[in-house]
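The values are calculated or read from the model by the stated rules, or taken from the named source; none is laboratory data. Owing to the predicted nature of the structure, the values given are computational and were not obtained by experimental measurement. Because the Cβ atoms are built from the backbone with ideal geometry, glycine has one as well, and the counts that use them run over all protein chains shown.
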Amino acid sequence: MASSDMQEVREIIRTRKFGKLFSGDTDNTLIQFFRYLFVGGLATAVDWGISFLLFEYAFNEHYAVAANSISFVAGLVVNYVISTFWIFKNSKVESRLVEFLAFAAIGLVGLAMTIGITKLFEIWLADKTSLFQILAKIVSTGAAFFWNFFARKFLLFNKKETEQ
């Protein structure tokens with residue numbers, strides 16, 4: 001992250017032009033990260049909401065993998081669409097399909113991280129109480145969030161000036 005990114009954010013705060021955090025194209029990592037917080041939150045809400053609806057009205061506990069897979073894909077699609085139109089405008093990949101598949105692969109690594117970290121907490125803490133499950137979920141979600149943002153930014157969408 002360049003020091004110019006931090007200077008730009010300081011200037012936005014100093015001049016109280018907060019709209020710049022939400023509108024316009026930007027390659028500023030801090031502004032993109034700020035926007036990604038909203039996109040990630042919305043994608044998570046879609047994922048959890050669809051998961052809830054599928055469990056409540058379409059599936060039962062025997063189809064948990066199917067319900068969670070469908071809801072994960074829905075959240076992933078929301079994240080991809082909004083991210084490519086609002087956050088990351090400069091793709092390194094020519095094909096939208098290849099770009100989406102790479103985006104999804106990064107998301108699957110994030111999902112694997114979430115599952116792995118949660119399992120490690122379960123093993124290390126040997127405690128199945130809800131407090132430790134929540135702690136594991138917070139840590140794993142945070143780790144996956146940072147992975148997803150930085151992997152997507154630097155592997156897929158961060159074209160260098162000379163490449164444009």
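Could you identify the single residue in LYS92, LYS119 that is loosely packed, with under 13 Cβ neighbours inside 10 Å and over 18 Å from the mean Cα position of the chain (by Cα)?
Answer to the check: LYS119.
Residue by residue, here is whether (1) in contact with a Ser or Thr (Cβ under 9 Å, 6 or more places away or on another chain); (2) surrounded by fewer than 18 Cβ atoms within 10 Å (Cβ to Cβ); (3) at pLDDT below 90 holds:
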{"residue": "ALA45", "(1), (2), (3)": "no, yes, no"}
{"residue": "TYR63", "(1), (2), (3)": "no, yes, yes"}
{"residue": "THR84", "(1), (2), (3)": "yes, no, no"}
{"residue": "PHE103", "(1), (2), (3)": "yes, no, no"}
{"residue": "LEU108", "(1), (2), (3)": "no, yes, no"}
{"residue": "THR114", "(1), (2), (3)": "yes, no, yes"}
{"residue": "ASP127", "(1), (2), (3)": "no, yes, yes"}
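Which of the numbered conditions does GLY24 fail, given that it passes all the others? Conditions: (1) out of contact with any Phe, Trp or Tyr (no Cβ under 7 Å at 6 or more places or on another chain); (2) assigned to a helix (DSSP H, G or I); (3) not β-branched (Val, Ile, Thr).
Going through (1) out of contact with any Phe, Trp or Tyr (no Cβ under 7 Å at 6 or more places or on another chain); (2) assigned to a helix (DSSP H, G or I); (3) not β-branched (Val, Ile, Thr) one by one, GLY24 breaks only (2).
Being crowded, with 17+ Cβ neighbours inside 10 Å and not aromatic (Phe, Trp, Tyr) is the filter; apply it to segment 71-82 and report the residue that is modelled with the lowest pLDDT.
Checked segment 71-82; the qualifying residue modelled with the lowest pLDDT is SER71.
In segment 22-39, how many are surrounded by fewer than 17 Cβ atoms within 10 Å (Cβ to Cβ) and of a type in the set (A, V, I, L, M)?
So the count comes out to 1.
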